[in-house]
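Peer 1: Below you'll find the structure I mean.
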Amino acid sequence: ELKVEQNPLFLSMQEGKNYTIYCNYSTTSDRLYWYRQDPGKSLESLFVLLSNGAVKQEGRLMASLDTKARLSTLHITAAVHDLSATYFCAVDIPGTYKYIFGTGTRLKVLA
Amino acid sequence: ETGVTQTPRHLVMGMTNKKSLKCEQHLGHNAMYWYKQSAKKPLELMFVYNFKEQTENNSVPSRFSPECPNSSHLFLHLHTLQPEDSALYLCASSQEVLAGGRYNEQFFGPGTRLTVL
């Protein structure tokens, strides 16, 4: 069964702290996507990771991909309240247009 | 209009009603998708269309009927729905780049919040 699992599901952290969200997947995809969803809003693309060892950074967020371990991480540095949202990772199934999304990590940054 | 738009944004319907959700993408993409997002569940892929042809139907009940008249428009026709079909329905589009490798980042619409009474 194709699965994408995120860890943790809920994360409450203080401003200024660092933390990492993990995304494990069971298929042999070499592409991974991170999205952000604010309450009541749609999904916004954050990062597209296209190969093993890919690392992308935007502001306080950094995403990486290890295709051999089937693991991606989203690292938060010095969190601020504006980062509060739900973060999803997703993989696509090679040769198809199918995507499998993770369960999401609901992040709450406390002032 | 830019990006991916969806109408209506909110819909309340009875189990015997027939309604349709509309999605339009202004990005020149060739693939369009319907997703269902329920509370406490991962985002579920429902249908995929590539160049107006349906390429994926993820075992969706027949009370949901998609239609893709062209690469820019996607509909989801609803009839005799059940209360458990209440959810946020998201439309997305993507463009597959052939030169330089595959690249299927999806762009999402704002969603339609559906409530079935």
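Every number here is computed from the coordinates shown, using simple stated rules; none is lab data. Computed from a predicted structure; not experimentally measured. Because the Cβ atoms are built from the backbone with ideal geometry, glycine has one as well, and the counts that use them run over all protein chains shown.
Peer 1: Let me know the mean shielding of A:94-107 by other chains, meaning the per-residue number of their Cβ atoms within 10 Å of its Cβ.
Peer 2: Numbers: counts 1, 1, 5, 14, 6, 10, 4, 7, 2, 4, 5, 0, 0, 0.
The shielding value for this peptide is 4.
Peer 1: Could you calculate the contour length gain from B:Thr55 to B:Thr16, that is, 0.36 nm times the residue separation minus the distance between their Cα atoms, to one decimal place in nm?
Peer 2: Numbers: separation 39, 0.36 × 39 = 14.04 nm, distance 2.91 nm.
Length gained between B:Thr55 and B:Thr16: 11.1 nm.
Peer 1: For B:Lys22, go through the aspartates and glutamates and keep the ones whose alpha-carbon is under 14 Å away, minus same-chain ones fewer than eight residues off.
Peer 2: B:Glu67
Peer 1: Follow-up. Straight-line reach from A:Lys3: which lysines have Cα under 18 Å away, leaving out those fewer than 8 places along the same chain?
Peer 2: By straight Cα distance, A:Lys3 reaches A:Lys68, A:Lys98, B:Lys36, B:Lys40, B:Lys41.
Peer 1: With a cut-off of 14 Å, note down the residues of the stretch A:1-25 whose backbone N falls inside the zone around a label point 7 Å from the Cα of A:Val80 toward its beta carbon.
Peer 2: Output list for this probe position: A:15-17.
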